[in-house]
Amino acid sequence: MAKTDTIYPLKAVFSEFLLATECDNFLIPTYQRGYKWSSGDGKGQVDRLLKDLFDAFQQQGNASRRGYYLQFITLKENANSLEVIDGQQRLTTITILFSVLGHLAGKDRLADFVSGKLIYEARSNFIRTFIYEQIDELLASASWDEFIYDREEYNNQDIYFIYRAAQTIAAFLLKNLSSRLEHFYQFLSDDVFLIINLLDAGLNSEKIFVNVNKGVKLNDEDLVKGFLITKIPADMRDTRYRITDIEMNEIRANLGRQWDEIANWCSRQQVKDFFKVSSEEKGLEWLIRMAYPDFKQDESGSALFNYFDEQHRAGQLQAIEVFHKIRQTKLLLNDWFCAPEISNLLGYALHAKGGRDLIAIFKDLQAQSTKVGILSVLKDLALRLIPVNLIDGKLLEVNYEDHWNSIYNLFLLLDIAKFLPINGRKSDPYNFSNIAGKGWSLEHIFPQNANDFKKVSLLEADDLEVIRELLPSKLDEVSVDDDANLRAAKQVYIRIMKAQGSLKLRDEDKPALGLLLNDNAKELHTIGNLALLQQNINSSLSNHFFEGKRTILVNKISQGHFVPFHTYDVFSKLVISGSTGLHTWSANDIQAHEGYIKHQLVSVFTYLKTQPIK
């Protein structure tokens, strides 16, 4: 038998491939179930295949479209035939499609390369007569009852489904492609591909048939998997190893198991969260892109497969090299994922704002041959993501309006620092699933704008005391950006300063109080008055002072919500040795919190600047 390829356009499947295998036809054996693809209701398998092919045909003018790939078919040599182990339904539907096309366009206008090429052991007479030779009679019948009226021997379920498929295909072609039948025929012939898995002739066909998976639409990952599993043994057969057919099938089975193990790892939610894999990327497509980042993406849905197929055909890579590289990429990523110190620093670099993406970081880390080198790269990345002086480690001047990303990165690192080997602690893995895919915001611990006071109707004595600490001591020092609201802001200022005990807020006071604090209490915008929270939790804290916010946070935690460790410590005042108690948040607390952050930064900066021990 001559050497065969793995991928063929449909026309070549029925011509060149059969010629290369020295076989006359494809055989559907009796142990196979009959033809069962439904059609005619817009939802059946035939309907969906027609729609997919039509959509691909419509896109063929797009330069990025590079062929449409159908499912695999699995075949086994059997005397002068190729026994169809898997793919009967697809191969039968394709045969019917070309027969109908030939009839509608006129058989003298389109080359007929399917006649006699698909043989059913159980239904050979019907296929030969009404698909290959007299399909016009089948299509001319107005109904199934009319068709079988004087053909009672064909009144069975298998033939009914074949009849329905032919009628559905004809109706679809006439409705959507009546003026473009020849173009559609050419597209199907040359630009629609089947991936062929040719098995050893000595294998047990029925046993293989039982174990073959069916009914899953191919994605790019499936195409690459099929390419590798079918090509690797074939490549090896052409080398000095000279493997036997039995060895070839053992290799395929082993490769399939290894591939599935890699795919399972890639699909673990914790892994996907850690590496920030988008929800659109299924299976191990993202890992393949990691291993081969230089290929050009397109809209075909099979960019990776096209890339490997072209490279292989050009002799620029061997299939076994591709598999080893994908597997090695997974092993590297898993090593980093499972090493707590590396994992925490890498996770930080990936989840910080304004950082580099995984592929860029992977290139740098892959170039390192030791753990020391990897940690050095990651520490340097972390240093450049936080707002510190890279020489002395001192906190840079930051505020909420201008440095949101830097403050977010700082709070995230303070959270992760609790799991790094700092101040005698050991490394433990930080759970990045807690922060992946969630919207984050910076919460002002003490409220600072008009919206925060919408539901506040009473300022208690403690609240008034804190507000007085934050505001200027003299009326003439009060200012707001909007001069039109200056009078209202000053009136609220006077009421606050004169209040005895508590103070009732009128509706008109609330926006004025927000402006007063926003434009005059500068401490409210400093890092000491900020904390990191999920957006949905942050929104629930609005309209509350410190004690109300703390109560809500405790309830959220008890309900299973994640609150960053540093944020929890701040609202519990575990990191502040102030004298204001648990019920208020004062100017002193803001300063104490900022002082604590700076103190923690000294330890973190020292750790990041220290070279890892070999």
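The values are calculated or read from the model by the stated rules, or taken from the named source; none is laboratory data. Being a predicted model, the structure only gives us computed values, none of them experimental. A quick note on method: Cβ atoms are made from the backbone with ideal geometry, for glycine too, and the neighbour counts reach across all protein chains shown.
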*Out of Ile552, Ile527, report the one residue that is hydrophobic (A, V, I, L, M, F, W, C), under 30 Å from Ile435 (Cβ atoms) and free of Cβ contacts under 8 Å to residues at least 40 places away in the same chain.*
Ile552
*Output the residue which, of all residues in segment 190-215 that are over 27 Å from Ala79 (Cα atoms) and either crowded, with 19+ Cβ neighbours inside 10 Å or touching a strand residue (DSSP E or B) at 6+ places or on another chain (Cβ under 8 Å) (or both), is modelled with the lowest pLDDT.*
Asp191
*If you scan segment 372-403, which residues turn out to be touching a strand residue (DSSP E or B) at 6+ places or on another chain (Cβ under 7 Å) and either modelled with pLDDT under 85 or basic (Lys, Arg) (or both)?*
Lys394, Tyr400
*What's the number of the condition Leu139 fails, among (1) over 22 Å from Asp55 (Cβ atoms); (2) within 42 Å of the chain's Cα centre (by Cα); (3) assigned to a helix (DSSP H, G or I)?*
(2)
*asked:* Residue under question is Leu412, and the condition is that it be modelled with pLDDT of 85 or more, buried (at least 18 other Cβ atoms within 10 Å of the Cβ), touching a strand residue (DSSP E or B) at 6+ places or on another chain (Cβ under 8 Å) and not β-branched (Val, Ile, Thr); does it hold?
replied: yes
*Is one or more of the residues making up segment 519-542 assigned to a loop (DSSP other than H, G, I, E, B), closer than 30 Å to Ala488 by Cα, modelled with pLDDT under 90 and out of contact with any Leu (no Cβ under 6 Å at 6 or more places or on another chain)?*
yes
_Filter segment 333-376 down to the residues that are buried (at least 18 other Cβ atoms within 10 Å of the Cβ) and either free of Cβ contacts under 8 Å to residues at least 12 places away in the same chain or of a type in the set (S, T, N, Q) (or both) and list them by number._
Ser343, Asn344
*Considering segment 473-503 alone, what residues qualify as being over 14 Å from Gly514 (Cα atoms) and part of a loop (DSSP other than H, G, I, E, B)?*
Ser473, Lys474, Ala499, Gln500, Gly501, Ser502
*Do the conditions hold for Asp507, that is, is it of a type outside the set (Ser, Thr, Tyr) and either part of a loop (DSSP other than H, G, I, E, B) or loosely packed, with under 14 Cβ neighbours inside 10 Å (or both)?*
yes
_helices (runs of 4 or more DSSP H) contained entirely in segment 315-416, each with at least 3 residues that are acidic (Asp, Glu) and over 25 Å from Trp259 (Cα atoms)_ = none
*In the set Arg495, Arg468, which member is surrounded by 13 or more Cβ atoms within 10 Å (Cβ to Cβ), of a type in the set (Lys, Arg) and closer than 20 Å to Trp585 by Cα?*
Arg468
